[in-house]
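The values are calculated or read from the model by the stated rules, or taken from the named source; none is laboratory data. Note that the structure is predicted; figures quoted are calculated from it, not measured. No Cβ is skipped: glycine too gets one built from the backbone with ideal geometry, and neighbour counts run over all protein chains shown.
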């Protein structure tokens, strides 16, 4: 497993574990470079034979990346 995939997966686990609220996907998602990057992130999770999601919030804008986007709406309380 390459180091980038390991870092991505580790980051996804820690970020999702600390989410204090429900995250929703942006309905105004259009085809762009971000779609290509989102597909690459999804493929990294698939190559690692795991599921996960990265959620990034900037102000009121929320973006979800990964291969289990439904998980983005699940709240997690940090351990």
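Of note:
- From 74, 24, residue being within 13 Å of the chain's Cα centre (by Cα), modelled with pLDDT under 85 and surrounded by fewer than 12 Cβ atoms within 10 Å (Cβ to Cβ): 24
- Filter result for residue 44 (in contact with a helix residue (DSSP H, G or I) (Cβ under 7 Å, 6 or more places away or on another chain), surrounded by 11 or more Cβ atoms within 10 Å (Cβ to Cβ), at pLDDT 85 or above and not in a helix (DSSP H, G or I)): no
- The residues of segment 48-65 that are within 16 Å of residue 13 (Cα to Cα) and over 12 Å from the mean Cα position of the chain (by Cα), listed by number, are 48, 49, 50.
- For segment 55-70, a tally of residues being without any contact (Cβ under 8 Å) to a residue 40 or more places away in the chain and assigned to a strand (DSSP E or B) returns 7.
- Listed conditions (1) surrounded by 10 or more Cβ atoms within 10 Å (Cβ to Cβ); (2) at pLDDT 90 or above are all met by residue 49, apart from (1).
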